[in-house]
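Below is one structure, written out as structure tokens; comments come after it.
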Amino acid sequence: MDRRTFITASGVSLGTLALGSVATATEATDRFLVDRSSLRDEDRVDIVHELEPVDLLVVRSSENELEGQGAEFAPDVRLETDGYRPARRRGLESTATDDEDLSDYQWDKANQGIPEAHDHTRGEGTRVAIIDSGIASGHPDLEGQVNLELSENFADDEYGVGEPYGGTHGTHVAGIVGASDDGTRVVGSAPGTELVDLRVFAANPASADRAELPPAHLGDAFQSSVLAALVYAAEIGCDAANLSLGWTWRMRSEGAGELWGKAHQRVGTYARRQGTLHTHASGNWGESIQFNQDETDSSETAGGITTSSTGPIGFDPETGEYDAPPYTPSTYTTHGVGAIDLAAPGGQGGDNDYDNVLNAIAIPEFGEDGEYLGAEYGYDWLAGTSMAAPQVAGAVALVKSVDERANANQVRTTLERTASVPDEYERKYYGRGYLDTLAAVEDAAGPGRS
């Protein structure tokens, strides 16, 4: 099968949403994170998000009002993606209506032993939240995979859920976790899991008449919305919550940084106690955060499984061979001993499309008046730690499915115990090791189980 029958070759997009690579951050002047116990009169503020289990609020108010109440608060942080310009993007030749089997291009699933893992489970009985830009629930490989009743919009708009309102990124991430397995097109690690669309990136309809922006744009997001979505994911019993996004900020300062630090700790602790494992992209900076004394990565304080990226070099889908194996560290991946928990397939991001991760995409279209006109469905190769994190989320679903009594810490232990660091590379790229999904599933299943 010639891939050019469904995708025009013109490059690959680097698909992470890490602050410092494709985004900037600004402090909001009228939106704040507040320690609820310190706020004397909630009726005097406009509550945006209520994070009741962790005693936090997100409110619209003024600094004077909050100071007058003696509240402990911090300005919310807006992650501004400026339309999310990928390094390069490819155009689609056709929609995702053909029935080609694209599994030969999915080196990530073959390497992780996903077909063999499906002999044990496909992730039935589990639930995974995708905290991202929205899932195209009508995509042929995601139709029926998304629980729209539980899905929620945490973004600062009124567009709803179940569509790629905030950009194509969330659809690709969702496909890596749970694209359906019908013998055609692509497959996810856990096609039997239930996906939940928790959109935190706003729609960006203004880009519809801006020719310089690709249609795979992303809107902006608030840092507090990410925390609110993670709390909600834990409340509804998600086994994993994937965040293919991140940021760093100064945690050793007093005031705002201190409150954000406490907020992340509270949310992370609550999620784990509820049985929700938070899988988190480490970032695409290509630098070490091991010796970062002044800033702290969001995944560290949230207690998530921080995931670095790997990928093959010179992969040939016709032969299944490559010049360097899939566990080769990606050139762009953020790394560091003590900062990374696991490594997983995210692609190399280079000129060879096949070295990157193929899965579903959906490009949204908006009218000049902001009306959502639908999406163009297709498939694309993307690369980034954004693509690595959902590999781990899918593995969480598979392990939990075969060992439903396991709590979040036990699932994490299984993933880490069955991972290993390749002899020829340094631990700084891998943490506890390179993800081995099949080994983790077999370990969780135990002798005599299927």
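The values are calculated or read from the model by the stated rules, or taken from the named source; none is laboratory data. Please read all numbers here as calculations on a predicted model, not as lab measurements. Backbone-built Cβ (ideal geometry, glycine too); neighbour counts: all protein chains shown. Heavy atoms of the whole protein, side chains included, go into the accessibility calculation; ligands, DNA and RNA do not. Shrake-Rupley method; radii C 1.70, N 1.55, O 1.52, S 1.80 Å.
Filter region 161-187 down to the residues that are small (Gly, Ala, Ser), modelled with pLDDT of 95 or more and out of contact with any helix residue (DSSP H, G or I) (no Cβ under 8 Å at 6 or more places or on another chain), then identify the one that is farthest from Arg31 (Cα to Cα). Working first, answer last.
Of the residues in region 161-187, the ones small (Gly, Ala, Ser) are 162, 166-167, 170, 174-175, 178-180, 183.
Filter once more, keeping what is modelled with pLDDT of 95 or more: 162, 174-175, 178-180.
The next check asks that each one be out of contact with any helix residue (DSSP H, G or I) (no Cβ under 8 Å at 6 or more places or on another chain); those that pass are 162, 175, 179-180.
Details: Gly162: 26, Gly175: 33, Ala179: 36, Ser180: 39 Å.
Across region 161-187, the extreme among qualifying residues is Ser180.
Any idea how many residues of region 142-158 are modelled with pLDDT under 95 and surrounded by 17 or more Cβ atoms within 10 Å (Cβ to Cβ)? I'd like the intermediate steps shown before the answer.
Taking region 142-158 as the starting set, the residues that turn out to be modelled with pLDDT under 95 are 156-158.
Filter again for surrounded by 17 or more Cβ atoms within 10 Å (Cβ to Cβ), leaving 156-157.
The qualifying residues number 2.
I'd like the residue in region 333-348 that is more than 17 Å from the chain's Cα centre (by Cα) and part of a loop (DSSP other than H, G, I, E, B) and, out of all such residues, is modelled with the highest pLDDT.
From region 333-348, those more than 17 Å from the chain's Cα centre (by Cα) are 335-339, 348; that's our starting set.
Subset that is part of a loop (DSSP other than H, G, I, E, B): 336-339, 348.
Details: Gly336: 89, Val337: 87, Gly338: 83, Ala339: 85, Gln348: 94.
Only one residue fits best here, namely Gln348.
List every residue pair whose Cβ atoms sit under 7 Å apart, with the two residues 6 or more apart in sequence or on different chains, where the first one lies in region 60-75 and is in a loop (DSSP other than H, G, I, E, B) and the second, anywhere, is modelled with pLDDT under 95 and surrounded by 16 or more Cβ atoms within 10 Å (Cβ to Cβ).
Glu72/Leu259
Among (1) surrounded by fewer than 22 Cβ atoms within 10 Å (Cβ to Cβ); (2) at pLDDT 90 or above; (3) in a loop (DSSP other than H, G, I, E, B), which single condition is Glu50 missing?
Single failed check for Glu50: (3).
With at pLDDT 95 or above and surrounded by fewer than 17 Cβ atoms within 10 Å (Cβ to Cβ) as the only criterion, which of Glu404, Glu365 stands out?
Working: Glu365 fails: at pLDDT 95 or above.
After ruling out the rest, the residue left standing is Glu404.
On the given criteria, is Ala136 among the small types (Gly, Ala, Ser) and more than 15 Å from Ile361 (Cβ to Cβ)? Talk me through it step by step, then tell me what you get.
Numbers: among the small types (Gly, Ala, Ser): yes; more than 15 Å from Ile361 (Cβ to Cβ): no.
Considered against the rule, which asks whether it is among the small types (Gly, Ala, Ser) and more than 15 Å from Ile361 (Cβ to Cβ), Ala136 comes out as no.
Conditions: (1) under 22 Å from the mean Cα position of the chain (by Cα); (2) assigned to a loop (DSSP other than H, G, I, E, B). Ala389 meets all but one. Number of the miss?
For Ala389, the exception is condition (2).
Anything in region 336-357 that is among the hydrophobic types (A, V, I, L, M, F, W, C) and farther than 14 Å from Thr310 by Cα? List them, or say none. Walk me through it before giving the result.
Step one: of region 336-357, the residues among the hydrophobic types (A, V, I, L, M, F, W, C) are 337, 339-340, 342-344, 357.
Passing the criteria: Val337, Ala339.
For Pro345, work out the one condition from (1) touching a His at 6+ places or on another chain (Cβ under 8 Å); (2) farther than 30 Å from Tyr159 by Cβ it doesn't fulfil.
Result: Pro345 passes all but (1).
What tally of residues in region 186-207 results from selecting those that are in a loop (DSSP other than H, G, I, E, B), touching a Phe, Trp or Tyr at 6+ places or on another chain (Cβ under 7 Å) and open to solvent by 10 Å² or more (accessible area, probe 1.4 Å)?
Start the filter on region 186-207 by keeping residues that are in a loop (DSSP other than H, G, I, E, B), which leaves 186-193, 200-204.
Remaining after also requiring touching a Phe, Trp or Tyr at 6+ places or on another chain (Cβ under 7 Å): 186, 200, 203.
So of that shortlist, the ones also open to solvent by 10 Å² or more (accessible area, probe 1.4 Å) come out as 203.
Summing the residues that are in a loop (DSSP other than H, G, I, E, B), touching a Phe, Trp or Tyr at 6+ places or on another chain (Cβ under 7 Å) and open to solvent by 10 Å² or more (accessible area, probe 1.4 Å) in region 186-207 gives 1.
Would you tally the residues in region 404-450 being farther than 12 Å from His120 by Cβ and assigned to a helix (DSSP H, G or I)?
Result for region 404-450: 13.
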